[in-house]
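In what follows, a structure is listed as structure tokens, so that the remarks can point back to it.
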Amino acid sequence: MDQLKKLPDAEFEIMKVVWANKPPIMTVTVMEELGNRRKWKAPTVISLMSRLVAKGFLRTEKNGKERTYFPLIAKEKYLEFETGNFMKQYHGNSFLSFVNTLYDGKQLSDGDIDQLMKWVKERRT
């Protein structure tokens, strides 16, 4: 896969299950952890996983009647990609704009601010 692309929400939900489990992962695992909660039928989950294979996020192998899946894109790499796009699109790559939005929206607690200050201090030394 040459370039990452934003995943639709349903495919991202599948990838979160894949990343949370030790590979290989089977369709039944995704159904147990996500499909039943989302009221998805097995063909829906299989279709979503096939799309992820086509997009280069998963690799699949056939083992008897069951297919197994392996992640090809690390969670951290995808989150870095998504966060970068978000920051560019909504905050002009300004971390200050992002933090101000969270602060003004009352989404940062004093504890969050303390953690942020500690993080900045550790990075500056």
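The values are calculated or read from the model by the stated rules, or taken from the named source; none is laboratory data. None of the values given here were measured: they were computed from a predicted structure. Neighbour counts are summed over all protein chains in view; Cβ atoms, including those assigned to glycine, are modelled from backbone coordinates with ideal geometry.
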Discussion item. I need a count of the residues in region 6-33 that are among the basic types (K, R) and more than 18 Å from S47 (Cα to Cα).
Written reply: 1
Worksheet item: So which residues in region 39-58 are of a type outside the set (G, A, S) and over 17 Å from the mean Cα position of the chain (by Cα)?
Response: K39, W40, K41, P43, T44, I46
Item to complete: Kindly indicate whether any position in region 39-50 is surrounded by fewer than 17 Cβ atoms within 10 Å (Cβ to Cβ), of a type outside the set (A, V, I, L, M, F, W, C) and within 22 Å of A74 (Cβ to Cβ).
Response: yes
Item to complete: Residues being under 25 Å from L4 (Cα atoms), at pLDDT 90 or above, in contact with a helix residue (DSSP H, G or I) (Cβ under 7 Å, 6 or more places away or on another chain) and of a type outside the set (F, W, Y): count how many of those fall in region 30-58.
Response: 8
Practice prompt. Quickly run through region 59-76 and pick out the residues that are surrounded by 11 or more Cβ atoms within 10 Å (Cβ to Cβ), at pLDDT 95 or above and out of contact with any Lys or Arg (no Cβ under 6 Å at 6 or more places or on another chain).
Written response: R59, T68, Y69, P71, I73, K75
Worksheet item: What do you reckon, is T27 over 16 Å from the mean Cα position of the chain (by Cα) and at pLDDT 95 or above?
Response: no
Discussion item. Checking K62 against (1) in a strand (DSSP E or B); (2) in contact with a helix residue (DSSP H, G or I) (Cβ under 9 Å, 6 or more places away or on another chain); (3) free of Cβ contacts under 8 Å to residues at least 24 places away in the same chain: exactly one of these is not met. Which one?
Written reply: (2)
Worksheet item: Going by the conditions given, is T83 more than 22 Å from W119 (Cα to Cα) and either part of a helix (DSSP H, G or I) or among the small types (G, A, S) (or both)?
Response: no
Practice prompt. Scan G56, G35 and give me the residue that is surrounded by 12 or more Cβ atoms within 10 Å (Cβ to Cβ), of a type in the set (G, A, S) and not in a helix (DSSP H, G or I).
Written response: G56
Fill in: Failed item, numbered, when K22 is tested on (1) surrounded by 12 or more Cβ atoms within 10 Å (Cβ to Cβ); (2) within 18 Å of the chain's Cα centre (by Cα); (3) outside the structural domain of M117 (by TED's automatic domain parsing)
(1)
Discussion item. Checking the structure you have, find out if any residue of region 99-122 is on the phi > 0 side of the Ramachandran plot, without any contact (Cβ under 8 Å) to a residue 24 or more places away in the chain and surrounded by 10 or more Cβ atoms within 10 Å (Cβ to Cβ).
Written reply: no
